1. Which condition does ILE67 not pass, out of (1) assigned to a helix (DSSP H, G or I); (2) in contact with a Leu (Cβ under 9 Å, 6 or more places away or on another chain), if it passes all the others?
2. Of all residues in the range 21-49, which are of a type in the set (Val, Ile, Thr) and more than 20 Å from SER100 (Cβ to Cβ)?
3. Just one of ALA115, ALA120, ALA70 is more than 20 Å from LEU181 (Cα to Cα) and buried (at least 19 other Cβ atoms within 10 Å of the Cβ); which is it?
4. Tell me which residues, restricted to the range 98-151, are under 21 Å from ASN81 (Cβ atoms), in contact (Cβ under 8 Å) with a residue 24 or more places away in the chain and either charged (D, E, K, R) or not in a helix (DSSP H, G or I) (or both).
5. Scan (1) more than 14 Å from VAL186 (Cα to Cα); (2) assigned to a loop (DSSP other than H, G, I, E, B); (3) in contact (Cβ under 8 Å) with a residue 40 or more places away in the chain for the single condition ALA50 breaks and write down its number.
6. Sort through ARG40, ARG75, ARG82 and tell me the only one that's in contact (Cβ under 8 Å) with a residue 60 or more places away in the chain, assigned to a helix (DSSP H, G or I) and surrounded by fewer than 20 Cβ atoms within 10 Å (Cβ to Cβ).
7. For ILE162, work out the one condition from (1) buried (at least 21 other Cβ atoms within 10 Å of the Cβ); (2) at pLDDT below 95 it doesn't fulfil.
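The values are calculated or read from the model by the stated rules, or taken from the named source; none is laboratory data. Everything numeric here is computed off the predicted structure, so don't read it as measured data. Glycine gets a Cβ as well: all are built from the backbone with ideal geometry, and neighbour counts include every protein chain shown.
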Amino acid sequence: MAQAIFYKLQRFSGVLAVLILWASTLISMSRTGLGLFDDRPISFLSTNPASRLLFSGGLIISAFLLINFAYYVRREFAVKNRFFRYFVIGQICQIILALSPYGERTVSGVIHLIAAFTLAFSLPLLIKQFTISQHDKKHHQLYQYLLRIEQVSFIVGMGLFIFTRGLAPLGEAMPAIGFHLWILVVTYISSNSPDRLSLASS
């Protein structure tokens, strides 16, 4: 009974992480007056006293939940180890950026920036590895669509963040949109019509 409850909680840990991340970020943005169309990046929330604890806490808690979800996906789907490495490295970077407040000319700020870019790059890479590993599964075409969505959102987000002014928060959020959509879809498929390793081997 306890094992079944833990298994179910692990399956939905990714969805819970997404909810916590968006709730903590949106509440923090509301507290500080930061909008999607703003010169200040979302990372600014890690420096403002009104949002620092909530925003950083949301990042850390969601990262641990997502690492748990990565374990679930690795166990239930025929995925390559490279997928798991990309996933965990990205979430470790999320924890690092939560603990390293944003600052343009500080050591902490440099660490924050490197961790943020590493996290962003890990998302399309891990989804690509997952999609490759599912080439012979029922939902492979859907996974390909999700990969394209993530790749487009990543490119657009990077472009908005680096090459435009007044759109920094939107640019930062874009890569996460495709990733979070992928989490929701994989969770749904694993709950209803799974392409799971356990089924493939039965």
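1. (2)
2. Here is the first cut: in the range 21-49, the residues of a type in the set (Val, Ile, Thr) are 25, 27, 32, 42, 47.
The one that is of a type in the set (Val, Ile, Thr) and more than 20 Å from SER100 (Cβ to Cβ): ILE27.
3. On the way: ALA120 fails: more than 20 Å from LEU181 (Cα to Cα); ALA70 fails: more than 20 Å from LEU181 (Cα to Cα).
Unique residue meeting the criteria: ALA115.
4. GLN134, LYS137, GLU150
5. (3)
6. ARG75
7. (1)
Each row is one residue, and each column tells you yes or no for (1) among the small types (Gly, Ala, Ser); (2) modelled with pLDDT of 95 or more; (3) surrounded by 17 or more Cβ atoms within 10 Å (Cβ to Cβ); (4) within 24 Å of ARG165 (Cα to Cα).
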| residue | (1), (2), (3), (4) |
| --- | --- |
| LEU9 | no, no, no, no |
| TRP22 | no, yes, no, yes |
| SER28 | yes, yes, yes, yes |
| LEU45 | no, no, yes, yes |
| PRO49 | no, no, no, no |
| GLY58 | yes, yes, yes, no |
